[in-house]
Amino acid sequence: MRDLTFIAAMICGLLPMTAARPFVGVLLWCWVSFMNPHELTWGMSMNLPWAYMIFFTTLFGCVVAREPKRFPLNATTILIMLFIVLISLTSLAALAPPDMVESKWSFVAKSFLAQLLVGALLTERRRIHALIWVMVISLGYFGIRGGVFTLMNGGNYRVLGPPMTMINDNNHLAAALLVCMPLMNYLRLQSRHRIIRIGLIGAMVLTLFSALGSYSRGALIGLAAMSLFLWWNSPHKIVSAAVAVVALAGAISFMPASWTARMSTINSYQKDDSAEGRLNIWHASWKIALARPLTGGGFMAPYRQSIVDEYDPGTTARAVHSIYFEVIGEHGFPTFFVWLGITFAGIVNTWRIIRATRKVPELRWCYDFAKMAQVSIIAYLVAGAFLSLCYWDFYFTLLIGIMATWERVKDALRAAEPARATTLAARRLRLTTTGAAGALPAPPG
Amino acid sequence: MDSLYFALCIVAIFWLGLWSIRDPKRPSRMWWPFDMKDDAEAPPEAPGSTSKRGRRIPPLRKTREAAPRARKRLA
């Protein structure tokens, strides 16, 4: 039944809509990438190439439909293009078997190319808002479902991520939900209808329980960092501190003793095999990077025992479990700095948006979005220090959304500039012709 | 329960797709859950335009009284 519903919705509604308006294709692409809905149907649609169908229909729509599109050349897009070039070069010098490298390269390169297409079609406010909605719907599905599961089972069972996705692992899912929560709050701040705002508060609470129910220690650290950042930026520090403490204490007190026991191992990581294994593979990745500083070991190098043995004998090959060490070990230092630069450009864009729109009521949505995006970035950077999510498309789509918002802010400020200049010129003209400075009221702005 | 969430998700994406491509300036009888706080209400029909029902709204007439009043305001 699910299968048929999904196929009918795609073939009869969403794909034709994409051909007419390619921006719908961007929303569909994001939905399929972030949530993998076809993998949840358990039927024929699992085997159909939805991503290709959406991609080619969107391209067709871009050629046929007269929809506004503009490819912006700025720090974010240039760094993403540079990143694609660099990972292609490091793949040529990769140590892992070529078929493994090619498969991972193809996946990552396609994902980053798609980000550029998304950026080209984010030409107006409603499109950016729709993109945030699709991001929230995609991950909110797992947040709400996991939250209900945690509440119904008293937190005794772990919440796992969706199969065949980047957030399959419970730690990855928890970090993803933390990144998504501030975006839910942005939608709450900007939604017109009260029922939607209340619904989003409910979704945020369930998502918090889902993140806790994943038993992820990295997510707990990320949650603490997020809460601290929110509190630091809050204008009402006492009230926000009280709300954060009550909410977190309430949620944590609900969790069972097994959860508390798992979280308390954060302090005694030397005795924990999982934590020690992570430290060892970080060390191995660092050694690979030092031995091959320009190219690293290439995709999948830290996952291959023979490669790890060569650079750090005695360490077991495994997932690196750190966004930073994974990029350094796989691609070397130049690519790492470009990868980090994409995030840095995103942070700078949020600062610019906040500074430019603080006192502009018409651009309040940009201000709210930039503020909440900063919290999402903090969650990713902190929780990601213990996870292998360095190529996570959801996060880079968020950075593209921030870039597009900054482009809209620049456009709005540019449009306001001539109007302001005209008002000032008219005022000067009146002053000279009448000669009475105090007779006229000051123009606005 | 799971299937219900899934069905809701498909409906939400469909609805969002329609919302993202609709012209916000055109009035709509449908309820749009994705509307933003500062989305402008459908603007009043411009004088001289033809409304949906085919009734032509007469343009504003220039009146003789308006000119001296405007002149006075400028002075």
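Just so it is clear, none of the values below were taken in a lab; they were calculated from the coordinates. Values in this document were obtained by computation on a predicted structure and should not be read as measured data. As a convention, Cβ positions derive from the backbone with ideal geometry for all residues, glycine included, and neighbour counts pool all protein chains shown.
Worth a mention:
- Neighbouring partner chain Cβ atoms per residue of A:4-16, average, 10 Å criterion: 2
- Magnitude of the charge dipole, the stretch A:188-280, Cβ model with Lys/Arg +1 and Asp/Glu -1, debye to 20: 480
- Three-way shape label, the stretch A:15-76, alpha-carbon gyration tensor, a/c 1.5: oblate
- Backbone HN-Hα couplings from phi across the stretch A:293-308 [Karplus 6.51/-1.76/1.60, Hz, Gly and Pro as x]: x, 8, 10, x, x, x, 3, 6, 4, x, 8, 9, 4, 4, 6, 4
- Each part reduced to its alpha carbon centroid, the stretch A:359-424 and the stretch A:176-194 end up 14 Å apart.
- Dividing the summed -39500 (n - 2.57) terms of all DSSP H runs of n ≥ 4 by the residue count of chain A sets its mean residue ellipticity at 222 nm at -24500 deg cm²/dmol.
- Size descriptors for the protein assembly as shown (Cα atoms only): Rg and Dmax, in that order, 26.5, 96 Å.
- Protection-proxy order for peptides B:21-32, A:17-28, each taking the mean of Cβ atoms within 10 Å per residue, highest first: A:17-28, B:21-32
- Helix A:194-213 and the longest principal axis of the C-alpha atoms of chain A enclose an angle of approximately 20°.
- Anisotropy class assigned to the stretch A:238-388 is oblate, per the alpha carbon gyration tensor with a/c at or over the 1.5 cut-off and a/b no larger than b/c.
- Relative contact order, whole percent, for chain A stands at 19, derived from Cα pairs under 8 Å and 6 or more residues apart.
- For the stretch A:220-234, backbone phi angles converted through the Karplus equation (6.51, -1.76, 1.60; θ = phi - 60°) give residue-by-residue couplings of 5, 5, x, 5, 5, 5, 4, 4, 4, 5, 4, 5, 4, 8, 6 Hz, Gly and Pro being listed as x.
- On Cα atoms only, tilt of A:50-64 relative to the major axis of chain A in degrees: 30
- A straight line joining the Cα centroids of the stretch A:54-78 and the stretch A:9-23 runs 16 Å.
- The stretch A:184-245: C-alpha gyration tensor shape, a/c 1.5 cut-off, then a/b vs b/c: oblate
- Relative to the current alpha-carbon distance between A:Trp351 and A:Asp411, full extension at 0.36 nm per residue lengthens the span by 19.9 nm.
- Counting only other chain Cβ atoms within 10 Å of each residue's Cβ, the peptide B:16-27 averages 5.
- Helix A:170-190 axis, angle to chain A major axis (alpha carbon atoms, nearest 10°): 10
- Residue ranges A:93-101, A:408-416 sort as A:93-101, A:408-416 when ordered by packing (mean number of other C-beta atoms within 10 Å per residue, highest first).
- Spherically averaged projected area in nm², based on the convex hull that wraps the Cα atoms of the stretch A:29-138: 8.9
- Rounded to the nearest 20, the size of the Cβ-charge dipole of the protein assembly as shown about its Cα centre is 3800 debye, with Lys and Arg at +1 and Asp and Glu at -1.
- Charge dipole of the protein assembly as shown about the Cα centre (unit charges at C-beta), most positive-ward option of A:Ile281, A:Pro293, A:Ala176: A:Ala176
- Near-label residues of the stretch A:359-376 by backbone N, under 16 Å of a point 7 Å along Cα→Cβ of A:Leu228: A:375-376
- Peptide A:130-137, shielding by other chains (average Cβ, 10 Å cutoff): 4
- Of A:Ile328, A:Ile266, A:Ile238, the one that fluctuates the most in a GNM where chain A has Cα springs shorter than 10 Å: A:Ile238
- Dipole in debye (nearest 20) - the stretch A:1-149, about Cα centre, beta carbon charges: Lys, Arg +1; Asp, Glu -1: 520
- Computed P(r) (all Cα pairs; the stretch A:129-226; 10 Å bins; percent): 18, 50, 28, 4
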